[in-house]
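All remarks here apply to the structure that follows.
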Amino acid sequence: MSGQLVRFEVEDGIGVITVDNPPVNALSPGVPEGILESVAKGNKDPNVKAMVLMGAGRSFIAGADIRQFGKGAKRLGLGERPVDVLEKSEKPIVAAIHGFALGGGLETAMACNYRIAKVSTKVGLPEVLIGLLPGGAGTQRLPRLVGPKIALEMITSGRHVPAEEAKGYGILDALIDDKADLRAEAIKFAKSIADKRPMPIVSKMTTKFDEYKNDPGMFDAMRKSLAKKAKGQPAIEANISAVEAAVTLPYEQGIVRERELFAPLENSDASKGLRYAFFAERQAGRLPSLPAGAKAKTIKTGAVIGAGTMGGGIAMSFADFGYPVKILDSTQEALDRGMKRVKDNYAVAVKRGSITQAQMDERLKLIEPVLSYEAIGQADVVIEAVFEELSVKQEVFKKLDAVMKPDALMLSNTSTIDIDKIGEGVKERKGDVAGAHFFSPANVMRLLEVVEGSKSSPETIAATMQLGKQIGKVSAWAGNTDGFVANRSRAPFTAEASILLEDGALPEQVDKALVDFGYPMGPFAVGDLAGLDIGWAVRKRKAAEDPNFRKNPIADKLCEMGRFGQKTGAGWYRYEKGDRTPHPDPVVAQVIKEVTSSLGIKQRSFTDDEILRRLLFASVNEACKILEERKARRASDVDIMWLYGFGFPRYRGGLMFWADTIGSKEIYEQIVRWHNELGARWKPSELLKATAAKGGKLSEIVIMEA
Ligand code: NAI
């Protein structure tokens, strides 16, 4: 088997080892063994002077085979792995890299004597992102190559480093033009170093450790700066300790320490959650293939209607990824205001150093403000982001129907309105209409919920999913249901948070329970940040429309007092001037007391665990209802929406993955008890009931296969 996965050929005195394990040459069982056999052959063959290690297809070795983790697979022991054996080769080995060299791929390359790469290559050690550490001597070799400071930054962030930057750090010895023949260039390079002795061996390098001698506090400083992030994620501390071991222990002891630190991570809950999220994300992008004969739509240019908060952010997303986009509003003033906000946002990014002034200028050039519909007719996609009013949106879609070129996608960013109703006035091309629901701020938040209306064509849905990918979003499919999938599944969480206050919890207690759980902020602090007046207006409208609408008397009272959140210096919390830190406010506790006693509600105390369960079980139940109504395809799609739309802690996998750590049966039984005690809002989902009855996993529910 290893013979097929790894080839060995001799050309011009150079042994060429090619890993051929599509799609990305992962280090699956058989690959390490194949590399070892090839190196042994090369060393034995008197015709071979040096060796090249490369990958077939689109990449070098992209990394470990993630599916193997946590399965107790037998692995090669210390001293037997390619990362241990390669550097002991009598003849020099050159890693010739293209595409990606990540994790195990970069570790393998660092065990070679030289590394050359195509300019478009990316390298990195991203194990921390799946709750692990680079356990193939990566934490020991990278600090030797680049110095402990850069190694710490790369290993704790897991980021992909572009080839030029990697060469600057000393990871790469030479860059190869993207158009050049990598194999030929690698053979040429190998011949040029074939006789050089001593051969460079990374594990023996120590010159860059002076950095540590001059700054021995660097590891503790890193611990301090990552302390908040490291909560619940043991991999972060383990990665720091492993790099620390590289500079404080001899190499042979360092790799033993690395292994000790790796072992407990593999089966940690955080790593399981992160690995699940990794696969859920890939899965979310998958839809059934297009029907035979359907033509894929391609998107090269865009247009946005409405230069408000969302329209501006959506236009920025296009520009950020190099796509020209026109932005239309009904008045010059609105356009000017919108463009000013876009400019201000970019200026903040320049000030923070996340983009350069030149990048800002380039991006601004891609965004063209316009007033007439004729100006946008040739765009491949138009996204409507005008006021949230059906009649306004319908008017816009009628105009779009008249001006947009055939096959252009006509998408609405509505968060609450029925997509079918929005497209009602569109005459013969209802198939082009769908929802593209971005989250605020649209240029930052990565979720794109793709909403399929009853008339949306498969081509339109596929192209909208693809559009998300093109502009850096994570697309996930949703059916056309009130609030779609993300907001509908979250609504009970938000409602329950308010009800908890009526029942006796305080905003700071609810927020603390969620921050301890891993959210960056609790819902009440988020409310203060976003502004409480928006929700108040919506509630007043809904109460006028629907006599059964459940009021939110505490929030209403705060708004009546002019407490709209941070912008007014008070909301659920109070704020000092010029400071965003929320301080618990006795006034709020008093308001809660007065409102609830006037309503005759008896208050009691809650544990943090009860708070979590009330909020999250309510949403688990709703997500199951959405699935049983076939408005979501997979439970894992719901998880992706919670991760990318709502800041749910990634190391917990997502709402449904987290639910499985408790168990469907326990959740169902609790919901039944609450249904009896607290009323109709807790009516259990049939799908939840059925899953609980067979002891099934919620995160594995698949309603429609891709
Ligand atoms: P906004 O009020 O900031 O902006 C709306 C813009 O549309 C304004 O610039 C207005 O002048 C323009 N506009 C209104 N009628 C127009 C027309 N007939 N033709 C051209 N331009 C017109 O509103 P925002 O917050 O940007 O929301 C826009 C849409 O995005 C709404 O459908 C909203 O539900 C949805 N949405 C909002 C989110 C949010 O957090 N604000 C999140 C996700 C979706």
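Listing for the model above:
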| quantity | calculated |
| --- | --- |
| Single residue of region 344-367 satisfying the filter (more than 24 Å from the chain's Cα centre (by Cα) and either aromatic (Phe, Trp, Tyr) or within 15 Å of the ligand (Cβ to nearest atom) (or both)) that is surrounded by the fewest Cβ atoms within 10 Å (Cβ to Cβ) | 344 |
| Within region 327-340, considering residues that are crowded, with 17+ Cβ neighbours inside 10 Å and in a helix (DSSP H, G or I), the one nearest to the ligand (Cβ to nearest atom) | 334 |
| Unmet criterion (only one of (1) surrounded by 18 or more Cβ atoms within 10 Å (Cβ to Cβ); (2) over 21 Å from residue 292 (Cα atoms)) for residue 464 | (2) |
| Residue that is more than 30 Å from residue 221 (Cα to Cα) and either within 16 Å of the ligand (Cβ to nearest atom) or assigned to a helix (DSSP H, G or I) (or both), where the choices are 273, 313, 254 | 313 |
| Hey, residue 94 β-branched (Val, Ile, Thr), within 29 Å of residue 170 (Cβ to Cβ), assigned by TED's automatic domain parsing to the domain that holds residue 205 and open to solvent by 40 Å² or more (accessible area, probe 1.4 Å) or not | no |
| Residue among 86, 78, 36, 129 that is assigned to a helix (DSSP H, G or I) and touching a residue at least 60 places away in the same chain (Cβ under 8 Å) | 129 |
| Test: residue in region 240-258 that is closer than 30 Å to residue 641 by Cβ and open to solvent by 40 Å² or more (accessible area, probe 1.4 Å) | no |
| Residues of region 496-552 satisfying the condition of being in a loop (DSSP other than H, G, I, E, B) and in contact (Cβ under 8 Å) with a residue 24 or more places away in the chain | 504, 505, 506, 518, 519, 520, 521, 531, 550, 552 |
| Which numbered condition residue 627 misses (of (1) over 24 Å from the mean Cα position of the chain (by Cα); (2) in a helix (DSSP H, G or I)) | (1) |
| Options 454, 440, 498: the member that is touching a helix residue (DSSP H, G or I) at 6+ places or on another chain (Cβ under 6 Å) and surrounded by fewer than 22 Cβ atoms within 10 Å (Cβ to Cβ) | 454 |
| Selection from region 312-326 of residues that are within 15 Å of residue 375 (Cβ to Cβ) and open to solvent by less than 10 Å² (accessible area, probe 1.4 Å) | 315, 325 |
| Search result, residues across region 390-434 that are more than 15 Å from the ligand (Cβ to nearest atom), open to solvent by 10 Å² or more (accessible area, probe 1.4 Å) and within 23 Å of residue 467 (Cβ to Cβ) | 405, 406, 407, 420, 428, 429, 430, 431, 432 |
| Residue identified as under 27 Å from the mean Cα position of the chain (by Cα) and without any contact (Cβ under 8 Å) to a residue 24 or more places away in the chain among 61, 150, 97 | 150 |
| Every residue from region 210-224 that is over 32 Å from the mean Cα position of the chain (by Cα) and assigned to a helix (DSSP H, G or I) | 210, 211, 212, 213, 214 |
| Region 298-310 - residue that is open to solvent by 40 Å² or more (accessible area, probe 1.4 Å) and part of a loop (DSSP other than H, G, I, E, B) and, of those, nearest to the ligand (Cβ to nearest atom) | 301 |
| Residue check for residue 574: within 16 Å of the ligand (Cβ to nearest atom) and farther than 17 Å from residue 494 by Cα | no |
| Conditions (1) touching a residue at least 24 places away in the same chain (Cβ under 8 Å); (2) farther than 21 Å from residue 146 by Cβ: number failed by residue 111 | (2) |
| Leading residue by the ranking (surrounded by the most Cβ atoms within 10 Å (Cβ to Cβ)) among those in region 163-209 that are assigned to a helix (DSSP H, G or I) and among the acidic types (Asp, Glu) | 185 |
| Check on residue 326, touching a strand residue (DSSP E or B) at 6+ places or on another chain (Cβ under 8 Å) and either free of Cβ contacts under 8 Å to residues at least 60 places away in the same chain or outside the structural domain of residue 437 (by TED's automatic domain parsing) (or both) | yes |
| Tally of residues being open to solvent by less than 60 Å² (accessible area, probe 1.4 Å), part of a loop (DSSP other than H, G, I, E, B) and modelled with pLDDT of 95 or more across region 570-608 | 7 |
| Region 374-389: number of residues that are buried (at least 16 other Cβ atoms within 10 Å of the Cβ) and within 9 Å of the ligand (Cβ to nearest atom) | 3 |
| In region 376-432, the residues that are touching a residue at least 60 places away in the same chain (Cβ under 8 Å), in a helix (DSSP H, G or I) and within 27 Å of residue 490 (Cα to Cα) | 419, 420 |
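Let's see how each residue does on (1) crowded, with 16+ Cβ neighbours inside 10 Å; (2) modelled with pLDDT under 95:
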residue	(1), (2)
487	yes, no
504	yes, yes
533	yes, yes
537	no, yes
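Let's see how each residue does on (1) modelled with pLDDT of 95 or more; (2) buried (at least 24 other Cβ atoms within 10 Å of the Cβ); (3) part of a loop (DSSP other than H, G, I, E, B); (4) of a type in the set (Lys, Arg):
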site: 621; (1), (2), (3), (4): yes, yes, no, no
site: 631; (1), (2), (3), (4): yes, no, yes, yes
site: 648; (1), (2), (3), (4): yes, yes, yes, no
site: 659; (1), (2), (3), (4): yes, yes, no, no
site: 672; (1), (2), (3), (4): yes, no, no, no
site: 684; (1), (2), (3), (4): yes, no, yes, no
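The values are calculated or read from the model by the stated rules, or taken from the named source; none is laboratory data. Only a predicted model underlies this, so the values are computations on that prediction, with no experimental measurement involved. All Cβ positions, glycine included, derive from the backbone under ideal geometry; neighbour counts span all protein chains shown. The protein model used for the area step is the full one, side chains on, heavy atoms only, and it has no ligands, DNA or RNA in it. Shrake-Rupley method; radii C 1.70, N 1.55, O 1.52, S 1.80 Å.
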